[in-house]
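J.: The structure is given below, and queries will be raised subsequently.
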Amino acid sequence: MANELAATNSFSEEISYHDDDDQFKALDLCLSALACYPYPFLPIPENSVATSFSTTNNGNAAAGATFLMPEEPGTGRDSKRLKRSFSVSESLGSSDTNGCSSSYYGSASVEMSSRSLVRSSSVTSLPRLHFRDHIWTYTQRYLAAEAVEEAVSSFEAENGISGEDHQGNKDGMRLVQLLIACAEAVACRDKSHASALLSELRAHAVVFGSSFQRVASCFVQGLADRMTLLVQPLGSNGFRSPATMLGLMEGVESDKKAEGLSLVYELCPQIQFGHFVANSSILEAFEGESSVHVVDLGMTLGLPGGHQWRQLIHSLANRATGPPKGRLKVTAIGLHAQKLQAIGGELEVYAHSMNVNMVFSGINKCLENIRPEDFDIVEDEVLVVNSIFQLHCVVKESRGALNSVLRIIHKLQPKTLVLVEQDSNHNGPFFLGRFMEALHYYSAIFDSLDAMLPKYDTRRAKMEQFYFAEQIKNIVSCEGPERVERHERVDQWRRRMSRAGFLPVPIKMISQAKQWMARVKLCDGHTIVEEKGCLILGWKSKPIVAASCWKC
């Protein structure tokens, strides 16, 4: 499955999109991921300003597309001219170590149409990227994926590779192509073509199939929901969005989602990793202090038992310095006041049994509505803010909501803000780019589930369908305020936090993280690395979750 995704992901766009400037700075069709493909891949020019790729169709001549990039981004608007032109030459490559020549990708060159695709006549202005250009880009990637598949078949035939061994990869490649074609049809509002592709996808993307078939089934559901919105828009005849119907909006309870969340916490490392980093940072804040106040943004996803704080209380009670003399104060933010108070009461009883002085309080508000006066801040206490998979839900198109929340948190002057988020760009401006990013990200997660649990384990199916599928469907089918799963990469969070006035605090606990991995017995394939002061949990080198710390 990773092979198919590497082949298709190699043609996805990498768009630099800045909050302060809604214009695009660069567009690059990157082929570097093809290096993961176990067969000959397209040559990649290094350190050049133009990246080109070629596609073949049934052995015909290749056509290449070249995107000319500014050599020095940021040197002035005059240099930020974005052009697209067609390549008219293709060079022959030498044979690789397996004896397979790059001529599989076409040795001939074809003169393309002289139509110019330059969208601006002005040298000093950056042209807008039209929707048809976006579709054209993904069409080229789709054709290139077909060329790769043909090259694979030729390579297998010449080297005597068993068709049975590679049948799963071929089926996966076909499923990827169908998914991309369906996403393009939905993006173009081609309802008849999209419906036909959805019918074919439902026959192949089965819930209890291979790991990629299982993740594909979730994306098929999301595409079907998006198609429903095209047929019957929001607000017509009382129609509700998929997010509302599936219980993804704030305040809507779902027993199935709660069950899936509990299983993910118990069996998967993502949430436990966030709790480990946050609690370790809070324990550091306790050093030399008599009172620590922790503000929990969202009460750790709504887990019913207050698991994170039970672990922290246990760690405080077992410190080498003996029984703790300080006070732990926890303030939880959420819309379910009775539920929060019930959890808080249980935590206070547990803390008392462990000889820990703890006080719990709740703020019955959503994050967008909090104010500095909502927090009972005492002068002699150290403040720590805890955000586990919460702040991405506040990211909106207007960007005002998140900026407002961060400004309020900054006014509280916390000693540490622990930020744990999914490390992937599921908030891009274009649907197709977001679709491809999500497909790559969740394929890695489903691949890890495949390594941890058997195919027919009901717990695995519940996690996939009740938890991860809900996120996928929200990313794929929803827009505007309905889309709350707006994950972004750690670099984007660095920019956001810096603009809000926060300073990074390097996390120096990689050795402790390795010990934690051994203690919770993560299966082979999971990795933890330290990168630019952040700790990143990954699966087979694919980043999954990033944890960072900040101060005022």
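J.: With respect to residue 177, is the statement that it is touching a helix residue (DSSP H, G or I) at 6+ places or on another chain (Cβ under 8 Å), modelled with pLDDT of 90 or more and under 21 Å from residue 460 (Cα atoms) true? Step through it out loud before you land on a result.
T.: Working: touching a helix residue (DSSP H, G or I) at 6+ places or on another chain (Cβ under 8 Å): yes; modelled with pLDDT of 90 or more: yes; under 21 Å from residue 460 (Cα atoms): no.
No: the conditions fail for residue 177.
J.: So how many residues does the stretch 480-524 have that are of a type outside the set (D, E, K, R), open to solvent by less than 40 Å² (accessible area, probe 1.4 Å) and assigned to a helix (DSSP H, G or I)?
T.: Total satisfying the criteria: 8.
J.: Look at the stretch 397-426 and say how many of its residues are open to solvent by less than 10 Å² (accessible area, probe 1.4 Å) and either aliphatic (A, V, I, L, M) or on the phi > 0 side of the Ramachandran plot (or both).
T.: 8
J.: Tally the residues that are within 21 Å of the chain's Cα centre (by Cα) and crowded, with 18+ Cβ neighbours inside 10 Å, restricting the search to the stretch 353-396.
T.: So the first thing to find is which residues in the stretch 353-396 are within 21 Å of the chain's Cα centre (by Cα), and the list is 386-396.
This time we only want the ones that are crowded, with 18+ Cβ neighbours inside 10 Å, so: 386-395.
Residues flagged as within 21 Å of the chain's Cα centre (by Cα) and crowded, with 18+ Cβ neighbours inside 10 Å within the stretch 353-396 amount to 10.
J.: Could you figure out which of (1) open to solvent by less than 10 Å² (accessible area, probe 1.4 Å); (2) modelled with pLDDT of 85 or more; (3) under 24 Å from the mean Cα position of the chain (by Cα) isn't true of residue 316?
T.: Looking at each condition in turn, residue 316 falls short on (3).
J.: Which number in (1) under 24 Å from residue 447 (Cβ atoms); (2) modelled with pLDDT of 50 or more marks the one condition that residue 163 misses?
T.: Checking residue 163 against (1) under 24 Å from residue 447 (Cβ atoms); (2) modelled with pLDDT of 50 or more, the one that fails is (2).
J.: Is it the case that residue 490 is touching a helix residue (DSSP H, G or I) at 6+ places or on another chain (Cβ under 8 Å), of a type in the set (A, V, I, L, M, F, W, C) and farther than 20 Å from residue 283 by Cα?
T.: Numbers: touching a helix residue (DSSP H, G or I) at 6+ places or on another chain (Cβ under 8 Å): no; of a type in the set (A, V, I, L, M, F, W, C): yes; farther than 20 Å from residue 283 by Cα: yes.
Against the criterion (touching a helix residue (DSSP H, G or I) at 6+ places or on another chain (Cβ under 8 Å), of a type in the set (A, V, I, L, M, F, W, C) and farther than 20 Å from residue 283 by Cα), residue 490 does not qualify.
The values are calculated or read from the model by the stated rules, or taken from the named source; none is laboratory data. Note that the coordinates shown come from a computational prediction; the quantities given were computed from them, not determined experimentally. Cβ sites come from the backbone with ideal geometry, for glycine too, and all protein chains shown count toward neighbours. For accessibility, only protein heavy atoms count, side chains too; no ligands or nucleic acids. Shrake-Rupley method; radii C 1.70, N 1.55, O 1.52, S 1.80 Å.
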